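Any read-out appearing in this document is the output of simple, stated calculations on the displayed coordinates, not a laboratory observation. Bear in mind that the values here come from a model prediction, so they are computed numbers and not experimental data. Heads up, the Cβs are rebuilt from the backbone with ideal geometry, glycines too, and the neighbour counts pull from every protein chain shown.
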Amino acid sequence: MDKELPPEFTADIERIVCAHPRVHGVHAVRTRQAGHTKFVQLHLELDDKMPLLEAHGITDAVEEAIMRAYPEADVLIHQDPISIVRDAQVNA
């Protein structure tokens, strides 16, 4: 059976992600643990006009930072343009 990880874990993941200087934010962070594996899913907020190659490199760097802190983690990252995130917040 799996379970959601404690809020402190999620806060640490958010801290790790936002430490990258090109990341504007993070949202939709979901965590769970099944056995010894921690599962982390999140959405990165990146510049609208960032080339895909740069976004991919940033995503890899963020994933590596999470894996250094939590080597037992399985990490899935989605990339969102910052304007879409801001528009969703305004229209909420």
_Top-ranked residue in the stretch 43-92 [being in contact with a His (Cβ under 8 Å, 6 or more places away or on another chain) and β-branched (Val, Ile, Thr); ranked as surrounded by the most Cβ atoms within 10 Å (Cβ to Cβ)]_ = VAL62
*Answer yes or no: is there a residue in the stretch 50-62 that is of a type in the set (A, V, I, L, M), within 15 Å of the chain's Cα centre (by Cα) and not in a helix (DSSP H, G or I).*
no
*In this structure, does ASP47 turn out to be acidic (Asp, Glu) and either in contact with a Lys or Arg (Cβ under 7 Å, 6 or more places away or on another chain) or without any contact (Cβ under 8 Å) to a residue 40 or more places away in the chain (or both)?*
yes
_In the stretch 11-23, the residues that are under 16 Å from HIS78 (Cβ atoms) and buried (at least 16 other Cβ atoms within 10 Å of the Cβ)_ = ILE13, VAL17, HIS20, VAL23
